[in-house]
Amino acid sequence: MPRAGVSVEGLVRAAADLADEVGFDNVTVSALARGFDVTVASLYSHIKNADDLRVRVAALALTELADRASDALAGRAGKDALIAFANTYRDYAKQHPGRYTAARLRITPDSPAAAPALRHTELIRTILREYKLPEDEQNHAVRLLGSTFHGFASLESAGSFANSPDIEASWSRTLDALHVALTNWPRT
């Protein structure tokens, strides 16, 4: 029987908060149970297992990030949309490092996180339409943008740029380079 006051949504939010505090890889069902002052076994009436919890945290993170990105894109096109979208990812990675890590979890098509993950791809495709990329080239461009945003945010989060001057200028130049690449994308 589920414990009063404990819900799947509450567990997932608590796990996401814990991920931001201690890192996504350090979130355990045991730590979560301690936070709710319940036994580990009692949590299994709400979640299947640790993998189920991880996927649910990924779905939450992907949904939050997609909502923010969607809001940032409203009324924007071209380079303005590209910058708004990129800044949303970077800001989310800084504000929610554990959730951001969860959002990069490998997602299977039947996963609860599949729909919000697909939403990210569709948001990027919205940006690409303004650049008039052919449909058959868009997957490549989606991968370029995702890899660049993720690479920069991950390196920055890991402290790799800590001793580098003017990180903001580097970020700006990265986005300028992406804009040029998309503008001059080879048409097949």
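The values are calculated or read from the model by the stated rules, or taken from the named source; none is laboratory data. From a predicted model like this one, the values you see are computed outputs, not experimental measurements. All Cβ positions, even for glycine, are placed from backbone atoms using ideal geometry, and neighbour counts span all protein chains on display. Each accessible area value is taken on the protein alone, full model and side chains, heavy atoms only, with ligands, DNA and RNA left out. Shrake-Rupley method; radii C 1.70, N 1.55, O 1.52, S 1.80 Å.
Among the residues of segment 28-37, how many are over 20 Å from Ala103 (Cβ atoms), open to solvent by 20 Å² or more (accessible area, probe 1.4 Å) and not small (Gly, Ala, Ser)?
Qualifying residue count, segment 28-37: 3.
Considering only segment 124-183, state which residues are more than 23 Å from Gly75 (Cα to Cα) and in contact with a Leu (Cβ under 9 Å, 6 or more places away or on another chain).
Glu137, His140, Leu144, Thr148, Phe161
Taking Ala31 and the conditions (1) under 17 Å from the mean Cα position of the chain (by Cα); (2) farther than 29 Å from Ser172 by Cα, which numbered condition does it fall short on, given that it satisfies the others?
So Ala31 meets the others, but not (1).
Could you list, in sequence order, all residues of segment 46-101 that are under 9 Å from the mean Cα position of the chain (by Cα), closer than 15 Å to Val27 by Cα and not hydrophobic (A, V, I, L, M, F, W, C)?
Passing the criteria: Arg99, Tyr100, Thr101.
As an exercise: evaluate Leu133 against (1) assigned to a helix (DSSP H, G or I); (2) open to solvent by less than 80 Å² (accessible area, probe 1.4 Å); (3) in contact (Cβ under 8 Å) with a residue 24 or more places away in the chain and give the number of the one condition it does not meet.
Only one criterion in (1) assigned to a helix (DSSP H, G or I); (2) open to solvent by less than 80 Å² (accessible area, probe 1.4 Å); (3) in contact (Cβ under 8 Å) with a residue 24 or more places away in the chain is unmet by Leu133, namely (1).
Of these, Asp71, Asp25, Asp67, Asp80, which one is open to solvent by 20 Å² or more (accessible area, probe 1.4 Å), in contact (Cβ under 8 Å) with a residue 60 or more places away in the chain and within 30 Å of Ala141 (Cα to Cα)?
Unique residue meeting the criteria: Asp25.
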